[in-house]
1. Of the residues in region 176-197, how many are part of a helix (DSSP H, G or I) and aromatic (F, W, Y)?
2. Out of region 23-36, which residues are under 21 Å from the mean Cα position of the chain (by Cα) and surrounded by 21 or more Cβ atoms within 10 Å (Cβ to Cβ)?
3. Test of understanding: among K386, K430, which residue is exposed (fewer than 13 other Cβ atoms within 10 Å of the Cβ) and not β-branched (V, I, T)?
4. Considering only residues that are among the basic types (K, R) and either exposed (fewer than 13 other Cβ atoms within 10 Å of the Cβ) or touching a Pro at 6+ places or on another chain (Cβ under 8 Å) (or both), which ones fall in region 342-376?
5. Mind listing just one residue for me: the one in region 113-125 that is part of a loop (DSSP other than H, G, I, E, B) and touching an Asp or Glu at 6+ places or on another chain (Cβ under 9 Å) and, of those, surrounded by the fewest Cβ atoms within 10 Å (Cβ to Cβ)?
6. Which of the residues that make up region 159-175 are surrounded by fewer than 19 Cβ atoms within 10 Å (Cβ to Cβ) and assigned to a helix (DSSP H, G or I)?
7. Report every pair of residues separated by at least 6 positions or lying on different chains whose Cβ atoms are under 6 Å apart, first residue within region 203-218 and free of Cβ contacts under 8 Å to residues at least 60 places away in the same chain and crowded, with 17+ Cβ neighbours inside 10 Å, second not hydrophobic (A, V, I, L, M, F, W, C) and not in a helix (DSSP H, G or I).
Amino acid sequence: MQKSQRVRDPVHDLIVFDTSDFEQKIWYFLNSREFQRLRRIKQLGFSELVYPGATHSRLAHSLGVFHTARQLSGLVRDRLGGKYDNDRAKIAQAAALVHDVGHGPFSHAFEEAVKQLDKDRGEKREHRHEMWTAEIIRGNTELGDRIRDRFGSDFREQVAQLLLQDTPTDIYSAIVSSQFDADRLDYVRRDRMMTGAQSGGFDYSWLLANLEVAKVTIATDDEEYAEVDSLVLGSKALQAAEAYVLGLFQMYFTVYFHKSTRSAEKMLTAIFRKLGNFVLDGKAEQIGLEEESPVVKFVKERSLDSYIELDDSVVWSALRTLTKSTDEGLAMLSTRLLDRRLYQAIDVSAHLSANEGQVANFRKQLKAAKEAGHIAADEVFEDQPKRNPYKRRGYDTPEALSRVLIYPPGGDKYDDLATMSDVVKSLNEKKIFRAYAKDDRAKKKIMEILEELK
């Protein structure tokens, strides 16, 4: 006899997988090797170096995204009645659960490190975590096999395709990927709670209570040609919607782009580039890593199997070994990252009053100083995080489904939140340019360049 399964979650309280055939099959995914690997990958990477409570895993977040997607699907079912497509909803909920299985150790930081190593080697290959996710789902993996065995090959392929989409194609895929999707609705609340950040809050319950479904007109080249169902907020949710957009924006600059977190990420990138080049040049033994090290195997093979072997603990273990490397730069960076002796951050944008022309001049002078040997490559790292608080979307398909739509007070015609809200309308993309200095000597050189530009 099948029984319900329950998970106690700090954000959602109880996440219950009931006795229905679908949810029992979904529960079966959780104990696959690839999904359990997410226990060993922290949701926020190096953020625990700043916020000690930020130790939650990608697995916890994935469960929360599934739960949120199930709530949104229930709302769509209640609003659409007989027009509700249960098959599409199941694909979306399954995709929500497994959407992060392709993340590498330290998530986006590792992705950037691999990208920079490829650039060093003159290779152009794009392998974002979404692509690894699709490979895991489609491949000969325990998770992929479980999805196929329980739902069939066609279902498995549709889940993979949904997760590779840049923009949604219907109301069900919008639940998984849009500006108001289950992923964002979970991670903003979860990350805020676990970091203890006081900014970033919004009224989730009120947003859901005011969600409706309406026909959205889509067009190509200004010619309307179809209507699709989309989630639309009622007018009473205007302030809650503004808080949601602002909350997401604030979390980026309070948590995700924190200077210490970004410093650690830049140090990891430098380490991976160094060890990667040693390995690819056939000199792995010089840095102390064994041939059987999962990191070495991944650098050499870039296979799915070698990727799945990687997690945060594997990288921390490799760093411990690299502290004894014969390469002084690798040993120094690994030791400092392990001991949280991070590079010092200098906000170049603030010193130059966010003048993009001056920032560009700073980068040129810094590059020239490195090329002349006045500043060593490992002495200073550059960083330019940016975030668009709200992407203004058109009505062209499929971007129409990516917008946050809302009704005006007393009106029956929805519009884009960016049009309805003076708060959202006034928001613009924010950029920061920082330099990270190894020590006081390197910091002094950066400040000298900045003084010349003032």
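The values are calculated or read from the model by the stated rules, or taken from the named source; none is laboratory data. Being a predicted model, the structure only gives us computed values, none of them experimental. All Cβ positions, even for glycine, are placed from backbone atoms using ideal geometry, and neighbour counts span all protein chains on display.
1. 1
2. Across region 23-36, the qualifying residues are E34, F35.
3. Numbers: K430 fails: exposed (fewer than 13 other Cβ atoms within 10 Å of the Cβ).
Matching residue, one of K386, K430: K386.
4. Within region 342-376, K364, K367 qualify.
5. Within region 113-125, the first condition is being part of a loop (DSSP other than H, G, I, E, B), and the residues that meet it are 121-125.
Next cut, touching an Asp or Glu at 6+ places or on another chain (Cβ under 9 Å) only: 124-125.
Values: K124: 7, R125: 10.
By that ranking, first place goes to K124.
6. First, pick out the residues of region 159-175 that are surrounded by fewer than 19 Cβ atoms within 10 Å (Cβ to Cβ): 161, 164-167, 169-170.
Across region 159-175, the qualifying residues are Q161, L164.
7. Qualifying pairs under 6 Å: N210/G234.
Quick grid of which residues meet (1) buried (at least 19 other Cβ atoms within 10 Å of the Cβ); (2) touching a strand residue (DSSP E or B) at 6+ places or on another chain (Cβ under 7 Å); (3) modelled with pLDDT of 95 or more; (4) not hydrophobic (A, V, I, L, M, F, W, C):
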residue	(1), (2), (3), (4)
E242	yes, no, yes, yes
V255	yes, no, yes, no
I271	yes, no, yes, no
L304	no, no, yes, no
